[in-house]
Amino acid sequence: MPNLLVITNTRAGSAGDDAVETALGVLRAGAGEVELADLDPDELPDALKRHPDHRPVVMGGDGSVHLLVATALSLGLLDRPPFTFGLVPLGTGNDFARTLGLPLDPARAAEVVLDGRPRDLDVLTDDAGGVVVNAVHLGVGAEAGRRAVPLKPRLGRLAYPVGSAVAGASTRGWPLHVTVDGELLAGGDRRSLMVALGNGATIGGGARVTPSARPDDGRVDVVVSFSTGLQARLAFAAALVRGRHPERHDVLEARGHAVTIEGGPVPLNADGELSELTGARTWTVRQHALRVTV
(Lines give C-alpha, C1' and ligand atoms only; values in the text may rest on other atoms or scores of the structure.)
Protein backbone atom coordinates (compact mmCIF):
# COMPACT_ATOMS: atom_id res chain seq x y z
CA MET A 1 0.00 0.00 0.00
CA PRO A 2 1.74 3.20 -1.15
CA ASN A 3 2.23 6.28 0.99
CA LEU A 4 0.79 9.36 -0.71
CA LEU A 5 1.34 13.12 -0.56
CA VAL A 6 -1.94 14.62 -1.77
CA ILE A 7 -1.50 18.14 -3.13
CA THR A 8 -4.52 20.46 -3.22
CA ASN A 9 -5.10 24.17 -3.57
CA THR A 10 -6.39 24.83 -0.07
CA ARG A 11 -6.11 28.60 -0.45
CA ALA A 12 -8.70 28.43 -3.22
CA GLY A 13 -10.98 26.48 -0.91
CA SER A 14 -10.79 23.34 -3.03
CA ALA A 15 -9.88 21.16 -0.03
CA GLY A 16 -13.51 21.40 1.11
CA ASP A 17 -15.05 20.62 -2.27
CA ASP A 18 -17.10 17.45 -2.60
CA ALA A 19 -14.87 16.22 -5.44
CA VAL A 20 -11.73 16.50 -3.33
CA GLU A 21 -13.35 14.84 -0.33
CA THR A 22 -14.64 12.02 -2.54
CA ALA A 23 -11.20 11.37 -4.01
CA LEU A 24 -9.54 11.61 -0.60
CA GLY A 25 -11.92 9.01 0.76
CA VAL A 26 -10.93 6.55 -1.96
CA LEU A 27 -7.21 7.24 -1.49
CA ARG A 28 -7.33 6.90 2.30
CA ALA A 29 -9.15 3.60 1.99
CA GLY A 30 -6.58 2.11 -0.38
CA ALA A 31 -3.26 3.70 0.53
CA GLY A 32 -0.92 3.51 3.49
CA GLU A 33 -0.13 6.90 4.99
CA VAL A 34 -1.81 9.91 3.34
CA GLU A 35 -0.36 13.37 3.97
CA LEU A 36 -1.81 16.64 2.66
CA ALA A 37 0.16 19.52 1.13
CA ASP A 38 -0.84 22.91 -0.21
CA LEU A 39 -0.39 23.74 -3.87
CA ASP A 40 1.69 26.79 -3.06
CA PRO A 41 5.02 27.56 -4.74
CA ASP A 42 6.51 28.66 -1.42
CA GLU A 43 5.35 25.63 0.57
CA LEU A 44 5.47 22.79 -1.96
CA PRO A 45 9.29 22.35 -2.04
CA ASP A 46 9.42 21.78 1.72
CA ALA A 47 6.52 19.33 1.54
CA LEU A 48 8.31 17.24 -1.10
CA LYS A 49 11.52 17.28 0.94
CA ARG A 50 9.71 16.24 4.14
CA HIS A 51 8.02 13.27 2.47
CA PRO A 52 10.50 11.71 0.03
CA ASP A 53 8.91 8.27 0.47
CA HIS A 54 5.39 9.54 -0.37
CA ARG A 55 4.18 9.51 -3.97
CA PRO A 56 2.77 12.95 -4.89
CA VAL A 57 -0.85 13.02 -6.07
CA VAL A 58 -2.08 16.25 -7.67
CA MET A 59 -5.73 17.21 -7.31
CA GLY A 60 -6.10 19.89 -9.96
CA GLY A 61 -5.60 20.71 -13.62
CA ASP A 62 -2.72 21.35 -16.00
CA GLY A 63 -1.50 24.34 -14.01
CA SER A 64 -1.30 22.24 -10.86
CA VAL A 65 0.68 19.52 -12.63
CA HIS A 66 2.91 22.22 -14.11
CA LEU A 67 3.70 23.61 -10.66
CA LEU A 68 4.50 20.18 -9.24
CA VAL A 69 6.86 19.28 -12.09
CA ALA A 70 8.45 22.75 -12.06
CA THR A 71 9.10 22.29 -8.33
CA ALA A 72 10.57 18.84 -8.97
CA LEU A 73 12.84 20.36 -11.61
CA SER A 74 14.06 23.04 -9.18
CA LEU A 75 14.82 20.37 -6.57
CA GLY A 76 16.80 18.26 -9.03
CA LEU A 77 14.23 15.44 -8.95
CA LEU A 78 14.09 15.27 -12.75
CA ASP A 79 17.80 14.49 -12.80
CA ARG A 80 16.95 11.10 -11.31
CA PRO A 81 14.12 10.11 -13.65
CA PRO A 82 11.45 9.12 -13.70
CA PHE A 83 9.72 11.49 -11.26
CA THR A 84 6.56 9.59 -10.28
CA PHE A 85 3.19 11.10 -9.38
CA GLY A 86 -0.56 10.54 -9.66
CA LEU A 87 -3.30 12.85 -10.93
CA VAL A 88 -6.93 13.40 -10.00
CA PRO A 89 -8.04 15.89 -12.69
CA LEU A 90 -10.04 18.70 -11.11
CA GLY A 91 -9.07 21.58 -13.40
CA THR A 92 -11.04 23.57 -15.95
CA GLY A 93 -9.63 22.02 -19.14
CA ASN A 94 -7.77 18.91 -17.89
CA ASP A 95 -5.94 18.58 -21.21
CA PHE A 96 -3.04 16.58 -19.79
CA ALA A 97 -5.50 14.11 -18.24
CA ARG A 98 -7.35 13.86 -21.58
CA THR A 99 -4.15 13.00 -23.41
CA LEU A 100 -3.48 10.24 -20.87
CA GLY A 101 -7.05 8.94 -21.00
CA LEU A 102 -7.60 9.49 -17.27
CA PRO A 103 -11.20 9.46 -15.99
CA LEU A 104 -12.56 12.89 -15.05
CA ASP A 105 -14.73 11.42 -12.29
CA PRO A 106 -12.81 12.03 -9.04
CA ALA A 107 -13.55 8.64 -7.46
CA ARG A 108 -12.55 6.71 -10.59
CA ALA A 109 -9.43 8.84 -11.01
CA ALA A 110 -8.44 8.11 -7.41
CA GLU A 111 -8.87 4.39 -8.09
CA VAL A 112 -6.48 4.72 -11.04
CA VAL A 113 -3.91 6.37 -8.74
CA LEU A 114 -4.07 3.28 -6.52
CA ASP A 115 -4.50 0.49 -9.06
CA GLY A 116 -3.39 1.81 -12.47
CA ARG A 117 -0.26 0.99 -14.42
CA PRO A 118 2.80 3.28 -14.63
CA ARG A 119 3.41 5.12 -17.90
CA ASP A 120 6.70 6.89 -18.59
CA LEU A 121 6.25 10.33 -20.16
CA ASP A 122 8.38 13.07 -21.66
CA VAL A 123 8.68 16.64 -20.41
CA LEU A 124 10.01 19.81 -22.05
CA THR A 125 12.50 22.06 -20.29
CA ASP A 126 13.72 25.40 -21.60
CA ASP A 127 16.89 27.44 -21.32
CA ALA A 128 15.13 29.96 -19.07
CA GLY A 129 14.59 27.35 -16.35
CA GLY A 130 10.99 26.59 -17.29
CA VAL A 131 9.13 23.36 -17.83
CA VAL A 132 6.23 22.20 -20.02
CA VAL A 133 4.24 19.06 -19.28
CA ASN A 134 1.38 19.32 -21.80
CA ALA A 135 1.85 22.17 -24.29
CA VAL A 136 3.31 25.62 -24.80
CA HIS A 137 1.87 27.95 -27.41
CA LEU A 138 2.58 31.49 -28.46
CA GLY A 139 0.40 34.01 -30.25
CA VAL A 140 -3.35 34.06 -30.54
CA GLY A 141 -3.95 31.05 -28.28
CA ALA A 142 -1.95 32.60 -25.45
CA GLU A 143 -3.70 35.91 -25.99
CA ALA A 144 -7.01 34.02 -25.83
CA GLY A 145 -5.92 32.49 -22.53
CA ARG A 146 -5.13 35.92 -21.15
CA ARG A 147 -8.56 37.20 -22.15
CA ALA A 148 -10.25 34.05 -20.75
CA VAL A 149 -8.88 34.47 -17.20
CA PRO A 150 -11.55 36.92 -15.95
CA LEU A 151 -14.27 34.88 -17.68
CA LYS A 152 -13.51 31.52 -16.02
CA PRO A 153 -15.54 32.10 -12.81
CA ARG A 154 -18.69 32.69 -14.87
CA LEU A 155 -18.16 30.58 -17.99
CA GLY A 156 -15.92 27.69 -16.90
CA ARG A 157 -14.72 25.73 -19.98
CA LEU A 158 -16.54 28.16 -22.28
CA ALA A 159 -14.20 30.96 -21.19
CA TYR A 160 -11.44 29.82 -23.54
CA PRO A 161 -13.57 29.73 -26.75
CA VAL A 162 -14.94 33.17 -25.92
CA GLY A 163 -11.44 34.49 -25.26
CA SER A 164 -10.31 32.90 -28.53
CA ALA A 165 -13.04 34.70 -30.46
CA VAL A 166 -12.06 38.06 -29.01
CA ALA A 167 -8.33 37.51 -29.55
CA GLY A 168 -8.79 36.11 -33.04
CA ALA A 169 -10.82 39.09 -34.16
CA SER A 170 -8.14 41.61 -33.25
CA THR A 171 -4.67 40.11 -33.80
CA ARG A 172 -2.42 40.78 -36.79
CA GLY A 173 0.06 38.05 -35.90
CA TRP A 174 3.71 38.16 -34.82
CA PRO A 175 6.98 37.86 -36.83
CA LEU A 176 8.57 34.79 -35.22
CA HIS A 177 11.66 32.78 -36.15
CA VAL A 178 11.22 29.04 -35.47
CA THR A 179 13.79 26.26 -35.84
CA VAL A 180 13.32 22.56 -35.07
CA ASP A 181 16.47 20.51 -34.50
CA GLY A 182 18.41 23.27 -36.27
CA GLU A 183 16.17 23.24 -39.35
CA LEU A 184 14.33 26.46 -40.22
CA LEU A 185 10.53 26.15 -40.05
CA ALA A 186 9.56 29.86 -39.99
CA GLY A 187 11.92 32.67 -40.87
CA GLY A 188 10.02 35.61 -39.43
CA ASP A 189 9.30 37.09 -42.87
CA ARG A 190 5.63 36.11 -42.47
CA ARG A 191 3.55 36.92 -39.42
CA SER A 192 2.51 33.86 -37.37
CA LEU A 193 -0.94 33.61 -35.86
CA MET A 194 0.18 30.82 -33.52
CA VAL A 195 3.16 28.62 -32.77
CA ALA A 196 2.37 25.52 -30.69
CA LEU A 197 4.68 22.93 -29.16
CA GLY A 198 2.72 19.89 -28.06
CA ASN A 199 3.84 17.12 -25.76
CA GLY A 200 0.14 16.41 -25.33
CA ALA A 201 -2.45 16.78 -28.07
CA THR A 202 -4.94 19.37 -26.78
CA ILE A 203 -5.23 22.76 -25.12
CA GLY A 204 -8.18 24.80 -23.86
CA GLY A 205 -10.28 21.84 -22.75
CA GLY A 206 -10.01 19.71 -25.89
CA ALA A 207 -8.80 21.80 -28.87
CA ARG A 208 -6.47 19.42 -30.74
CA VAL A 209 -3.71 21.93 -31.45
CA THR A 210 -1.07 19.23 -32.08
CA PRO A 211 -3.34 16.29 -32.96
CA SER A 212 -0.53 13.79 -33.66
CA ALA A 213 1.43 14.45 -30.48
CA ARG A 214 2.32 11.60 -28.15
CA PRO A 215 3.74 12.40 -24.71
CA ASP A 216 6.12 9.42 -24.65
CA ASP A 217 7.75 9.31 -28.09
CA GLY A 218 10.80 11.44 -27.26
CA ARG A 219 9.78 14.24 -29.64
CA VAL A 220 7.68 17.39 -29.50
CA ASP A 221 5.16 18.25 -32.23
CA VAL A 222 5.36 21.79 -33.63
CA VAL A 223 2.60 23.64 -35.50
CA VAL A 224 3.02 27.09 -37.04
CA SER A 225 -0.02 28.92 -38.43
CA PHE A 226 0.32 31.87 -40.81
CA SER A 227 -3.47 32.32 -40.99
CA THR A 228 -3.42 36.05 -40.24
CA GLY A 229 -6.06 37.44 -42.63
CA LEU A 230 -9.61 37.82 -41.32
CA GLN A 231 -11.11 34.98 -43.36
CA ALA A 232 -8.02 32.84 -42.79
CA ARG A 233 -8.25 33.35 -39.01
CA LEU A 234 -11.89 32.26 -38.98
CA ALA A 235 -11.17 29.23 -41.17
CA PHE A 236 -8.18 28.28 -39.01
CA ALA A 237 -10.30 28.48 -35.84
CA ALA A 238 -12.96 26.22 -37.38
CA ALA A 239 -10.33 23.71 -38.51
CA LEU A 240 -8.62 23.80 -35.09
CA VAL A 241 -11.82 22.70 -33.36
CA ARG A 242 -11.83 19.56 -35.54
CA GLY A 243 -8.09 19.02 -35.42
CA ARG A 244 -7.91 19.53 -39.21
CA HIS A 245 -5.80 22.71 -39.28
CA PRO A 246 -2.56 20.89 -40.25
CA GLU A 247 -4.22 20.23 -43.63
CA ARG A 248 -4.32 23.97 -44.41
CA HIS A 249 -1.84 25.44 -46.91
CA ASP A 250 -0.87 28.20 -44.44
CA VAL A 251 0.00 25.81 -41.60
CA LEU A 252 3.35 24.03 -41.20
CA GLU A 253 4.14 21.00 -39.04
CA ALA A 254 7.37 19.52 -37.73
CA ARG A 255 8.55 17.15 -35.02
CA GLY A 256 11.83 17.12 -33.18
CA HIS A 257 13.85 17.11 -29.98
CA ALA A 258 14.73 20.82 -29.63
CA VAL A 259 12.78 23.91 -30.74
CA THR A 260 14.00 27.50 -30.70
CA ILE A 261 11.63 30.45 -31.08
CA GLU A 262 12.89 34.00 -31.49
CA GLY A 263 10.95 37.26 -31.66
CA GLY A 264 8.40 39.08 -29.62
CA PRO A 265 7.18 40.45 -27.46
CA VAL A 266 4.53 37.76 -27.95
CA PRO A 267 2.07 36.22 -25.45
CA LEU A 268 3.10 32.76 -24.22
CA ASN A 269 1.06 30.07 -22.49
CA ALA A 270 2.84 27.09 -20.89
CA ASP A 271 0.38 24.57 -19.38
CA GLY A 272 -2.01 27.44 -18.71
CA GLU A 273 0.66 29.65 -17.12
CA LEU A 274 0.63 32.99 -18.94
CA SER A 275 3.77 35.03 -19.67
CA GLU A 276 5.53 36.73 -22.58
CA LEU A 277 8.47 35.89 -24.79
CA THR A 278 10.93 38.57 -25.80
CA GLY A 279 14.13 37.44 -27.45
CA ALA A 280 14.88 33.75 -27.93
CA ARG A 281 14.08 30.57 -26.04
CA THR A 282 14.84 26.91 -26.68
CA TRP A 283 12.71 23.98 -25.47
CA THR A 284 14.28 20.51 -25.28
CA VAL A 285 12.61 17.13 -24.75
CA ARG A 286 13.62 15.10 -21.71
CA GLN A 287 12.44 11.65 -22.68
CA HIS A 288 10.68 9.60 -19.99
CA ALA A 289 11.55 12.00 -17.18
CA LEU A 290 8.07 11.54 -15.66
CA ARG A 291 6.07 8.51 -14.60
CA VAL A 292 2.30 8.80 -14.13
CA THR A 293 -0.20 6.13 -13.09
CA VAL A 294 -2.80 5.67 -15.86
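Observations
- Among (1) small (Gly, Ala, Ser); (2) surrounded by fewer than 16 Cβ atoms within 10 Å (Cβ to Cβ); (3) under 23 Å from Arg117 (Cα atoms), the one test that Gly91 misses: (2)
- Taken together, the residues in segment 51-103 that are charged (D, E, K, R) and within 21 Å of Leu197 (Cα to Cα) amount to 3.
- Count of segment 114-138 residues which are assigned to a loop (DSSP other than H, G, I, E, B) and farther than 30 Å from Leu277 by Cβ: 2
- Listing of helices (runs of 4 or more DSSP H) fully contained in segment 1-113 that carry 1 or more residues being farther than 27 Å from Asp126 by Cβ and in contact with a helix residue (DSSP H, G or I) (Cβ under 8 Å, 6 or more places away or on another chain): 18-30
- Residues (out of contact with any Lys or Arg (no Cβ under 8 Å at 6 or more places or on another chain) and either buried (at least 19 other Cβ atoms within 10 Å of the Cβ) or closer than 19 Å to Val266 by Cα (or both)) located in segment 103-129: Pro106, Ala109, Ala110, Val112, Val113, Gly129
- Pairing residues of segment 261-274 that are in the same structural domain as Leu138 (by TED's automatic domain parsing) with residues that are hydroxyl-bearing (Ser, Thr, Tyr) and surrounded by fewer than 23 Cβ atoms within 10 Å (Cβ to Cβ), at Cβ distances under 6 Å and at least 6 apart in sequence or on separate chains, gives Gly264/Thr278; Pro265/Thr278; Leu268/Ser275.
- Selection count where residues are within 13 Å of the chain's Cα centre (by Cα) and under 18 Å from Ala72 (Cα atoms), scope segment 93-120: 1
- Residues within segment 232-252 that are farther than 13 Å from Val140 by Cβ, surrounded by 16 or more Cβ atoms within 10 Å (Cβ to Cβ) and out of contact with any Phe, Trp or Tyr (no Cβ under 9 Å at 6 or more places or on another chain), tallied: 3
- Within segment 54-83, considering residues that are within 13 Å of Val6 (Cα to Cα) and not small (Gly, Ala, Ser), the one surrounded by the fewest Cβ atoms within 10 Å (Cβ to Cβ): Arg55
The values are calculated or read from the model by the stated rules, or taken from the named source; none is laboratory data. It should be emphasised that the depicted structure is a prediction, and the values quoted were computed from it without experimental measurement. For neighbour counting, all protein chains shown are included, and Cβ atoms are generated from backbone atoms with ideal geometry for every residue, glycine included.
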